[in-house]
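Only one structure is covered here, and it is reproduced in the block below.
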Amino acid sequence: MQDLVKVFGEHPEKALSLLHEGFGKEEILAKTGQTVGVNKVSFTVQEGETFVLMGLSGSGKSTVLRCINRLIRPTEGKVLIDGENITTIAATRLCEIRRKKLGMVFQRFALFPHRTVLDNVAYGLEIQGINKELRYSKARELLEVIDLKNWANAYPGQLSGGMQQRVGLARALVSDPDILLMDEAFSALDPLIRREMQNELLSLQSKLNKTIIFVTHDLDEALKIGDRIALMKDGSIIQIGTPEEILTKPADEYVERFIEGVDRTKVLTAEGIMKDAETISLKDGPRVALRKMREMGISSIFVLNRERKLVGLVTADTAWQAKEDKDTELSKIMLTDFPTAAPDTPLIELIPLLAETKFPVAIVNEEEKLLGIVVRGTLLAALAN
């Protein structure tokens, strides 16, 4: 998306002129009666990313989303999907893109009350002219993914709100779109069901790896599901960043106020607070371990093998005893039972680990290589800040 502008009113050219001169939204409204819904918005969404547009009511987030599939026609700027500018293509091509590349889930479920769950899910394939057998087959596959296969012949009125929204999600996914647009998709749900749907979306995304653009006014929701977040105000983007960047490096006072009260333990991760770890090699002996621990003022040290994978931990007490016993092999004295965590582990999950151990928590990747450590002091400092 490049320099997207949307002006609501009969004479948008007046507002555009003032906008280019640097006038703000309120000034333009007062001078022209035209409303600037989106003000020079630019961003790029990566394939497989969940990108969240968030802000208060009137911030322009839903308008931006609807410009992507041209439910609202932009006044100026470009919306590029695989290099094709959606703002200028013919209506027939736009319909084709909407059917094959874009799926949309609305706040209100927009299900057909007179159609069964199966028919609702299969609807997108029906309007594409797909034969009944194939569209029902694909619809049933998705109903199984969202755990509603036993409700295929039910009607929307027989389903709970959360179940209806899952049907809406399946309907958007049935044509296998490249991009899924979700406009306040969970806002109408009760808090408990909303959390369940957020978890459902995260689970589906891990399986399907879709490109998702998600609109919400709920910061906790944005932080939970977003790979990156664009925070909007008065039609403009104030800051784009990962949840951790938004929390730890707010762009201005508005963002600082916006994130007040957020439970940082659920968002900040081990990777964001870990520090470098002192290590020794498996071929080193107890004397080397003791010397390094003495130099660094620590009471334990991690052991790596030749492939630099984490294999154990040696304490000062056991190293000293091994030296006294003239034992030279670390493998005989090192511990293999100590706490580890992945780099994306939220702090709230590190707290009980650190509470139950006297050792640092080792942060390791999928290859079992040591990335760093988290100790109680760094955790407390992160929470204090």
Requested in this report: Can you tell me the order of 299-312, 165-178 when each peptide is scored by its average per-residue count of other Cβ atoms within 10 angstrom, highest first?
Outcome: 165-178, 299-312
Query raised in the report: Out of ALA91, ILE225, ILE130, whose Cα points farthest toward the positive end of the dipole of the chain (charges: +1 Lys, Arg; -1 Asp, Glu; placed on Cβ)?
Result: ILE130
**Report entry** Anchor LYS309: lysines whose Cα lies under 16 Å away (excluding residues fewer than 8 positions away in-chain)
**Finding:** LYS283, LYS369
Query raised in the report: Picking from LYS283, LYS210, LYS25, which is most flexible by a Gaussian network model of the chain using Cα springs under 10 Å?
Result: LYS283
Report task. Taking P(r) over Cα pairs in 20 Å bins from 0, in percent as the quantity of interest, determine which of [x] 28, 57, 14, 1; [y] 23, 42, 26, 8, 0; [z] 21, 31, 20, 23, 5, 0 was computed from the displayed structure. Result -> [y]
Query - Computed [θ] at 222 nm, deg cm²/dmol, the chain (DSSP H ≥ 4; -39,500 (n - 2.57); rounded to nearest 500) - result: -11500 deg cm²/dmol
Query - Links that overshoot a 27 Å alpha carbon limit, given the list LYS292/LYS358; LYS6/LYS207; LYS149/LYS266; LYS14/LYS233; LYS100/LYS207; LYS6/LYS138 - result: LYS6/LYS207; LYS149/LYS266; LYS6/LYS138
Query raised in the report: Under a point-charge model restricted to the Cβ atoms of Lys and Arg (+1) and Asp and Glu (-1), what is the dipole moment magnitude of the chain relative to its Cα centre, in debye to the nearest 20?
Result: 680
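None of the figures in this text is laboratory data; all of them are computed from the coordinates on show. Source: prediction; values computed, not measured. So basically every Cβ, Gly included, is an ideal-geometry build from the backbone, and we count neighbours across all protein chains shown.
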